[in-house]
Amino acid sequence: MFFKKEQVKKVVVDGGYKPDVIHLKQGIPAKIKFKTGQNIGCLNELVFKELDQKYELEKSAVKVIDIPTDQAGELNFACGMDMFHGKVVIDEAK
Ligand SMILES: [Cu+2]
């Protein structure tokens, strides 16, 4: 049996998302750490459309979000006003 190592990625939230595309591998537990700056404005809301999830982000903090990786595909996220966008790409297991 394979040992499934956890995937952890970091996104800086400060006037947008850096990076705004995050790749994960299918079938391996995954977390994304959203690290916020001082001036986040409407970026304080983080909406994952396909997951039907909404999170509150605090200034100058780190929010760790579990990302389901059972299915390959794309998960879009955006700020509360749908102005800033990013996506998680779950690459198919080979
Ligand atoms: Cu916004």
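The values are calculated or read from the model by the stated rules, or taken from the named source; none is laboratory data. Computed from a prediction, not measured in an experiment: that's the story for all the values here. When we count neighbours, we look across all protein chains shown, and the Cβ atoms used for this are built from the backbone with ideal geometry, even at glycine. Side chains are part of the model used for accessible areas, which takes the heavy atoms of the whole protein and leaves out ligands, DNA and RNA. Shrake-Rupley method; radii C 1.70, N 1.55, O 1.52, S 1.80 Å.
When residue 15 is tested against the conditions (1) in contact with a strand residue (DSSP E or B) (Cβ under 7 Å, 6 or more places away or on another chain); (2) assigned to a loop (DSSP other than H, G, I, E, B), the lone failure is (1). Being open to solvent by 50 Å² or more (accessible area, probe 1.4 Å) and either over 14 Å from residue 67 (Cα atoms) or within 13 Å of the ligand (Cβ to nearest atom) (or both) is the filter here, so list the residues in segment 22-44 that pass it. Residues satisfying the conditions are 35, 38, 39, 41, 44.
Among residues of segment 71-91 that are touching a residue at least 60 places away in the same chain (Cβ under 8 Å), those with a beta-carbon under 7 Å from a residue that is hydroxyl-bearing (Ser, Thr, Tyr) and surrounded by 16 or more Cβ atoms within 10 Å (Cβ to Cβ) at least six positions away or on a different chain give the pairs 84/17; 86/17; 90/69. Residue pairs whose Cβ atoms lie under 6 Å apart, separated by 6 or more positions or on different chains, with the first residue in segment 28-43 and among the small types (Gly, Ala, Ser) and the second within 16 Å of the ligand (Cβ to nearest atom) and not in a strand (DSSP E or B), are 37/14. Scanning segment 59-86 for residues that are open to solvent by 50 Å² or more (accessible area, probe 1.4 Å), within 18 Å of residue 18 (Cβ to Cβ) and away from the ligand (no atom under 16 Å from the Cβ) turns up 60, 62, 63, 64.
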